[in-house]
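Written out below as structure tokens is the structure these notes cover.
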Amino acid sequence: MAVKAESVSSHWELTQLLDIFPLPIRQALVRLPNLEALIEVVLDLGRPPEARFPDDFVFLAETNVTFEDLAHVSARLSAFGSDNRAGIEQTLHRVSAIRNRAGKIVGLTCRVGRALVGTVDIILDVVRSGTSICLLGAPGVGKTTILRECARVLSDDRKRVVIVDTSNEIGGDGDIPHPGIGHARRMQVADAALQHNVMVEAVENHMPEVIVIDEIGTEAEASAAGTIAERGVQLIGTAHGRTLENLLMNPTLSDLVGGISTVTLSDEEARRRGTRKTVLERKAPPTFDVLIEINDRNRLSIYQNVAETVDALLRGYQPQPEVRLRTSGGVQVLQQAVPIVVSKRTAPAYQRTTAAESEFAAAIGSGELDQRREEREGKHVALFPYGVSRNKIERAVQNLGVNASIARKWDEADVVLTLKSLERKESEKLTSIASENVPIYSIKTNTTAQIMHALKDIFALPSIDTEEVALREASEAIYKVLLDNRPVELTPQTSYVRRMQHQLAEQHRVMSRSTGMEPNRRVLFFRGNDLPYGTGASA
């Protein structure tokens, strides 16, 4: 069946919006050939008025906007709330104000509200499944329109639907809800800061089967959403962020998808799992069962099981969502969801997601992975460092999750680690070690990365992508910094890898500095002014 959006808004509603503007601006809008595609009208003091469309904008006049123009529009609206938003009675249009330091309005964003039938058809099976759904997407991509359609469809299915309408965007301005929400009931929010109270009140007082809410943005609202989900009510809402990773990295809202906690494992458990001692894990069941990323108005990515998806992300996998596209012929599935089976014995970080390890990923579901790991865990290697740092060996062992220890004497060791420069000198001690048939592994420099490569050969591990390991370590450190607000120091790396780690920190708005001298120069992550005194860090 073809999915075609059909406007429910009458010509009267668009006329109501045009009527709030001064005559010259209104006449310019009426003359536009593509007025039906109008998204918003922007009025900024001292600038020409603009009409904005999905891919373009036009100036509506050569004269600049004056205080009188702004006052003319404001006088024809409902009162502005604490969120600086107002509306037009019985319409879905929203007008947002920009104020100067004295509180006087110096700019208005007049956004066109439309109720569109058919926009929810692309996810109708998910909406009617009874699961809680979180919608993510960029501003203006159509999240609120889909929310409104969800409320209408479910209320038409004879379900008790209550909308918590913070800014009257879903149900329209005024006391009588817009017909676009169907038979759903609407609760207005007097103060945006009290939205979480209204959410809980809706559950306690009105016995809803479904609650619809727009823009979950604070910790209190995230907590209230969790309370609603625990009471068995289907929750459909939007949150700030464009992707699941954005939500997971947001300390305020990460609880919506289960949250993140740093767990320190015992030595035995770390060896059993094949991971580092400090790992990231989901700390609670997610509030939402399904997460939908709205890529654009006609393309969606659907994660059907948020809990499993988050677990996979924290273990280094990249889940593949189901991707749907709305076309003139109906709904087309561009990509089927690829389920990821995360073993209870988690794979080491360096063994995940690289193209070189495709055969490793293929072994996850077959049981071959567990067999390999058991063989590796059963193999214990005693290492004797000759001219190599013990601390760096311990760090390399921890990074790779291998079953190795440091021997006190060379004759108690299974392998001797030394430097090539020392091996070339043919020292008497190395000669005597070689005569006893003890394997000697030589490395170029006394660095953790070189030691990890040697351990890879010793334990017959798949090839290690040093950059991948370093970036994964940096990603985990960013999580720790955002969660605990404490600086985290990374393993020493080359200048090229350190530059990539700095770029990763910049993407996630975490401060970073390089500290130490070569070959032990390393990156330090921290938040704001949390840099420890006396680090001697430099960019």
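In table form, for the structure just shown:
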quantity	calculated
Hits in segment 197-211 - residues which are part of a loop (DSSP other than H, G, I, E, B) and surrounded by 20 or more Cβ atoms within 10 Å (Cβ to Cβ)	Pro208
Filter pass, Val510 being β-branched (Val, Ile, Thr), at pLDDT 80 or above, in contact with a strand residue (DSSP E or B) (Cβ under 8 Å, 6 or more places away or on another chain) and crowded, with 18+ Cβ neighbours inside 10 Å	yes
Strands (runs of 3 or more DSSP E) wholly inside segment 212-285 that include at least 3 residues being within 16 Å of Tyr479 (Cβ to Cβ), modelled with pLDDT under 85 and of a type in the set (Val, Ile, Thr)	260-264
Residue match in segment 67-83 (condition: over 23 Å from Pro179 (Cα atoms), in contact with a helix residue (DSSP H, G or I) (Cβ under 9 Å, 6 or more places away or on another chain) and part of a strand (DSSP E or B))	no
Segment 239-265 residues that are free of Cβ contacts under 8 Å to residues at least 24 places away in the same chain, paired with ones that are among the acidic types (Asp, Glu) and not in a loop (DSSP other than H, G, I, E, B) (beta carbon under 7 Å, 6 or more apart)	Val263/Glu281
Those residues of segment 120-176 which are part of a strand (DSSP E or B) and either under 21 Å from the mean Cα position of the chain (by Cα) or over 24 Å from Glu221 (Cα atoms) (or both), in sequence order	Ile133, Cys134, Leu135, Leu136, Gly137
Cross-chain or 6+ apart pairs with Cβ under 9 Å, segment 32-43 first and at negative phi and assigned by TED's automatic domain parsing to the domain that holds Leu14, then surrounded by 12 or more Cβ atoms within 10 Å (Cβ to Cβ) and among the acidic types (Asp, Glu)	Glu40/Glu50; Val41/Glu50; Val42/Glu50; Leu43/Glu50; Leu43/Asp69
Test result for Glu467, modelled with pLDDT under 80 and either more than 30 Å from Trp410 (Cα to Cα) or exposed (fewer than 14 other Cβ atoms within 10 Å of the Cβ) (or both)	yes
Unmet criterion (only one of (1) in a strand (DSSP E or B); (2) among the aliphatic types (A, V, I, L, M); (3) assigned by TED's automatic domain parsing to the domain that holds Asn246) for Ala86	(3)
Criterion (crowded, with 21+ Cβ neighbours inside 10 Å and of a type in the set (Ser, Thr, Tyr)) met by exactly one of Ser82, Ser167	Ser167
Residues being surrounded by fewer than 19 Cβ atoms within 10 Å (Cβ to Cβ), more than 43 Å from the chain's Cα centre (by Cα) and β-branched (Val, Ile, Thr) - total across segment 416-447	3
Filtered residue count, segment 296-307, keeping only those that are out of contact with any Lys or Arg (no Cβ under 9 Å at 6 or more places or on another chain) and modelled with pLDDT under 90	1
Among (1) among the β-branched types (Val, Ile, Thr); (2) at pLDDT below 80; (3) assigned to a loop (DSSP other than H, G, I, E, B), the one test that Thr491 misses	(2)
Condition check for Asp56: among the charged types (D, E, K, R) and within 32 Å of the chain's Cα centre (by Cα)	yes
Qualifying residue in segment 155-162 (condition: at pLDDT 90 or above, touching a Phe, Trp or Tyr at 6+ places or on another chain (Cβ under 8 Å) and among the hydrophobic types (A, V, I, L, M, F, W, C))	no
Close pairs (6 angstrom Cβ cut-off, 6 or more residues apart or separate chains): closer than 12 Å to Leu482 by Cβ in segment 498-518, hydrophobic (A, V, I, L, M, F, W, C) and surrounded by 12 or more Cβ atoms within 10 Å (Cβ to Cβ) anywhere	Ala505/Phe525; His508/Ile478; Val510/Ile478; Val510/Val481; Val510/Phe525; Met511/Phe526
Test for Phe59: is it surrounded by fewer than 14 Cβ atoms within 10 Å (Cβ to Cβ), farther than 12 Å from Val112 by Cα and among the aromatic types (Phe, Trp, Tyr)	yes
Near pairs, Cβ below 6 angstrom, 6+ apart or cross-chain, from segment 164-182 (over 24 Å from Ala97 (Cα atoms)) to any residue that is at pLDDT below 90	Gly180/Val8; Gly180/Ala115
Subset tally (residues that are modelled with pLDDT under 90 and assigned to a loop (DSSP other than H, G, I, E, B)) for segment 110-119	5
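Every residue, every condition in (1) basic (Lys, Arg); (2) assigned to a helix (DSSP H, G or I); (3) surrounded by 19 or more Cβ atoms within 10 Å (Cβ to Cβ); (4) out of contact with any strand residue (DSSP E or B) (no Cβ under 6 Å at 6 or more places or on another chain), yes or no:
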{"position": "Leu32", "(1), (2), (3), (4)": "no, no, no, yes"}
{"position": "Val41", "(1), (2), (3), (4)": "no, no, yes, no"}
{"position": "Ile98", "(1), (2), (3), (4)": "no, no, no, no"}
{"position": "Leu108", "(1), (2), (3), (4)": "no, no, yes, no"}
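Each row is one residue, and each column tells you yes or no for (1) within 24 Å of Glu230 (Cα to Cα); (2) among the aromatic types (Phe, Trp, Tyr); (3) in contact (Cβ under 8 Å) with a residue 12 or more places away in the chain.
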| position | (1), (2), (3) |
| --- | --- |
| Phe67 | no, yes, yes |
| His93 | no, no, yes |
| Ala97 | no, no, yes |
| Asn100 | no, no, no |
| Val120 | no, no, yes |
| Val126 | yes, no, yes |
| Gly140 | no, no, yes |
| Leu154 | yes, no, yes |
| Val161 | yes, no, yes |
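Rundown of residues vs (1) outside the structural domain of Ala404 (by TED's automatic domain parsing); (2) within 21 Å of Thr447 (Cβ to Cβ); (3) surrounded by 12 or more Cβ atoms within 10 Å (Cβ to Cβ); (4) at pLDDT 80 or above, yes/no style:
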{"position": "Ala474", "(1), (2), (3), (4)": "yes, yes, yes, yes"}
{"position": "Ala477", "(1), (2), (3), (4)": "yes, yes, yes, yes"}
{"position": "Val497", "(1), (2), (3), (4)": "yes, yes, yes, yes"}
{"position": "Gln501", "(1), (2), (3), (4)": "yes, yes, yes, yes"}
{"position": "Pro519", "(1), (2), (3), (4)": "yes, yes, yes, no"}
{"position": "Ser538", "(1), (2), (3), (4)": "yes, yes, no, no"}
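The values are calculated or read from the model by the stated rules, or taken from the named source; none is laboratory data. Every value quoted in this text rests on a predicted model; they were computed, and no experiment measured them. For neighbour counting, all protein chains shown are included, and Cβ atoms are generated from backbone atoms with ideal geometry for every residue, glycine included.
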